[in-house]
Amino acid sequence: MPSASSPSPAPASTAARAPVPVCGVVLAAGEGQRLRPLTETLPKALCPVGNLPLLDHALRRFAGLGLSGPDTVAVNAAYLAAQVVAHVGRRAHLSVEPDGPIGTSGGIGRLRPWIDGRAVLAGNADAYLHDPVRDPGKDVAALLDGWSGETVRMLTMPCRPGESGGFSGHRFAGLSLIPWRYAKDLADVDSSLVRTVWRPAEAAGELELIGYQGFYLDTGTPADYLAANLHAARGVTLADVSARVTGAATESVLGAGSVVEGSVVRSVLWPGAHVAPGEHLVGAVRTAAGLTVHA
């Protein structure tokens, strides 16, 4: 087993090892408090990055691993749950937490009857990942490659200078793989995977850190949310076909039906947002309701 202090690709699969059944869970119940006021009326999981809701980025990544549909992928919802439920539709199994979010561990615990003996590939809806040389799904396939079905695996990147915490000098990068023998004991109560799975597995020598080779951001703050969008734009303006620009747009993301009559620079316009003539928007996110958050 790779050392917890040395993230590395998983060992090659062996023909003698039977595949471990795996299901996917997108954790989308959070209130997005750090992202407010953007999340006062829209769940964080539905905030668009590169004109695609974060939740859809996660579902696309699972589909790239062969996990799609309500039999193999689940989404949990709590805060503004009706919006998440309507957006997901029949694309995944839905687990609603009616009394509010119960944490990453509680969310999976509530899904135990649906998980039903399988391992869980759990991904945070607010994780933005991009690998320039691998398609979504293939970029995280190392989490599954050669897995014994017994250890806990975590996608990681090195901690940034001055960053504390983490796991042996590495930070969580949005996805973890949890065997059934850990998942079966998770309770339907408010708790986090840090306390119920990751730290216990680390203490038992059963945590494997798998290095991510691409770009990762937790989009939990306005600054990081803007940074993820600008990364998705790749240095140019990414505009929906229905966006209308009569002014100027530079290195920005323009949502469906947005209108730029003034100028926008390194900014994000949500669907239906408007920048008036003579207005200059720099380093900000604007919604259709006119809310502007500078990052």
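Take every Cα pair under 8 Å whose residues are at least 6 apart in sequence, average their separation, divide by the length of the stretch 27-79, and the relative contact order is 45 percent.
Along the stretch 59-72 the Karplus relation, 6.51 cos²θ - 1.76 cosθ + 1.60 evaluated at θ = phi - 60°, assigns HN-Hα couplings of 5, 5, 5, 5, 4, x, 9, x, 10, 8, x, x, 7, 10 Hz to successive residues, with x for each Gly and Pro. Of Ala92, Ala248, Ala256, which has the largest mean-square fluctuation in a 10 Å C-alpha GNM of the chain? Taking springs between Cα atoms under 10 Å, the residue moving most is Ala248. Counting Cα-Cα pairs of the chain in 10 Å increments starting at 0 gives whole-percent bin shares of 6, 28, 33, 21, 9, 2, 0. Between the listed residues Ser148, Ile210, Leu175, the Cα displaced farthest toward the positive end of the dipole of the stretch 148-241, a dipole computed from Cβ unit charges relative to the Cα centre, is found at Ile210. Near Tyr212: Cβ cut-off under 13 Å, other residues only, Lys/Arg at +1 and Asp/Glu at -1. The net charge is +2.
Under the criterion of Cα pairs below 8 Å and six or more residues apart, the relative contact order for the stretch 173-288 equals 15 percent. Computed about the Cα centre, the dipole magnitude for the chain is approximately 260 debye when only Lys and Arg (+1) and Asp and Glu (-1) carry charge, each at its Cβ.
Below 8 Å, C-alpha to C-alpha, sequence gap of six or more: please give me the relative contact order for the chain in percent.
On the way: 669 pairs, mean separation 55.4, N = 295.
Normalised by residue count, the contact order of the chain is 19 percent.
Ligands, DNA and RNA left out, the accessible area of the chain computed with a 1.4 Å probe is 55% carbon and sulfur. Computed from phi, the 3J(HN,Hα) profile of the stretch 144-158 under the Karplus parametrisation 6.51, -1.76, 1.60 (θ = phi - 60°) reads 9, 4, x, 6, 6, x, 10, 8, 8, 10, 9, 7, 9, 9, x Hz, with x in place of Gly and Pro. Fully extending the segment from Asp190 to His231, taken as 0.36 nm per residue of separation minus the present Cα-Cα distance, adds 11.4 nm.
Averaging Cα coordinates gives a centre for the stretch 106-184 and one for the stretch 220-295; these two points are 32 Å apart.
Principal axis extents of the C-alpha atoms in the stretch 48-151 (largest first, rounded to whole Å): 40, 37, 22.
For the chain, what is the mean residue ellipticity at 222 nm derived from helices alone (per DSSP H run of n ≥ 4: -39500 (n - 2.57); sum divided by total residues; nearest 500 deg cm²/dmol)? Let's see the in-between values first.
Details: 7 runs with 51 residues, N = 295.
Helices in the chain give a 222 nm mean residue ellipticity of -4500 deg cm²/dmol.
Three principal axis extents of the stretch 102-179 based on alpha-carbon atoms, in descending order, are 41, 29, 24 Å. Along the stretch 84-101 the Karplus relation, 6.51 cos²θ - 1.76 cosθ + 1.60 evaluated at θ = phi - 60°, assigns HN-Hα couplings of 5, 4, 5, 5, 6, x, 9, 6, 8, 6, 10, 10, 9, 9, x, 9, x, x Hz to successive residues, with x for each Gly and Pro.
Among residues other than Ala243 whose Cβ falls under 15 Å from its Cβ, what is the net charge (Lys/Arg +1, Asp/Glu -1)? Around Ala243, the surrounding residues sum to -1.
May I ask you to give the solvent-accessible area per residue for the chain, in square angstrom, as obtained with a 1.4 angstrom probe?
43 Å²
Charged side chains reduced to their Cβ positions (Lys and Arg at +1, Asp and Glu at -1) give the stretch 27-172 a dipole of some 100 debye around its Cα centre. How much FRET efficiency would the formula 1/(1 + (r/R0)^6) give for Arg134 and Glu163, where r is the Cβ-Cβ distance and R0 is 25 Å, rounded to 0.05? Once the sixth-power term is evaluated, E becomes 0.50.
The values are calculated or read from the model by the stated rules, or taken from the named source; none is laboratory data. Remember, it's a predicted structure, so these values are computed and weren't measured experimentally. No Cβ is skipped: glycine too gets one built from the backbone with ideal geometry, and neighbour counts run over all protein chains shown. All accessible areas refer to the heavy atoms of the entire protein, side chains included, with ligands and DNA or RNA removed. Shrake-Rupley method; radii C 1.70, N 1.55, O 1.52, S 1.80 Å.
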